[in-house]
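To start, the structure under review is shown below, and the notes come after it.
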Amino acid sequence: QVQLVESGGGLVQAGGSLTLSCAASGSISELNAMGWYRQGPGKQRELVERITSAGNINYTDSVKGRFTISRDNGKNTVYLQMNSLKPEDTAVYYCKLEYRRFLASWGQGTQVTVSS
């Protein structure tokens, strides 16, 4: 069983920064990718940034140049550095772990609120 523990969400003013962390524990093998998704009010969950075991990064265009994903393989931890935050970044942010080719686990989510 895989567990994901997220931290780092909160309330910030527009233009501010936050760093999210997601630590994975449990029976992790054949890790494929870790990433961050978000779901804003009344919206569908969407990819924010994702990093594969090979170091390839996928991201949504709206965060380009503002958000940076990184990982610590030794700690099975992924980070999301979020700069120049905008009110439209307000959402619940979820960590996702992809492993053993077809399996995936989700974190419980952390709220990020950006005030204007």
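Give the residue, chosen from ASN56, ASN76, ASN32, that is buried (at least 18 other Cβ atoms within 10 Å of the Cβ), over 12 Å from the mean Cα position of the chain (by Cα) and either more than 16 Å from GLN108 (Cβ to Cβ) or small (Gly, Ala, Ser) (or both).
Details: ASN56 fails: buried (at least 18 other Cβ atoms within 10 Å of the Cβ); ASN32 fails: buried (at least 18 other Cβ atoms within 10 Å of the Cβ).
Sole residue among the options that is buried (at least 18 other Cβ atoms within 10 Å of the Cβ), over 12 Å from the mean Cα position of the chain (by Cα) and either more than 16 Å from GLN108 (Cβ to Cβ) or small (Gly, Ala, Ser) (or both): ASN76.
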Here the residues within segment 1-27 that are over 13 Å from GLN108 (Cβ atoms), out of contact with any Lys or Arg (no Cβ under 7 Å at 6 or more places or on another chain) and open to solvent by 40 Å² or more (accessible area, probe 1.4 Å) are GLN1, LEU11, GLN13, GLY15, SER17, THR19, SER25, GLY26, SER27
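For (1) hydrophobic (A, V, I, L, M, F, W, C); (2) open to solvent by 60 Å² or more (accessible area, probe 1.4 Å), each residue gets a yes or a no:
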site: THR60; (1), (2): no, no
site: THR68; (1), (2): no, yes
site: ASP72; (1), (2): no, no
site: VAL92; (1), (2): yes, no
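The values are calculated or read from the model by the stated rules, or taken from the named source; none is laboratory data. Quick caveat: nothing in here was measured; it's all calculated off a predicted structure. We place every Cβ from the backbone using ideal geometry, glycine too, and count neighbours over all the protein chains shown. Ligands, DNA and RNA are excluded from the accessible area calculation, which covers all protein heavy atoms including side chains. Shrake-Rupley method; radii C 1.70, N 1.55, O 1.52, S 1.80 Å.
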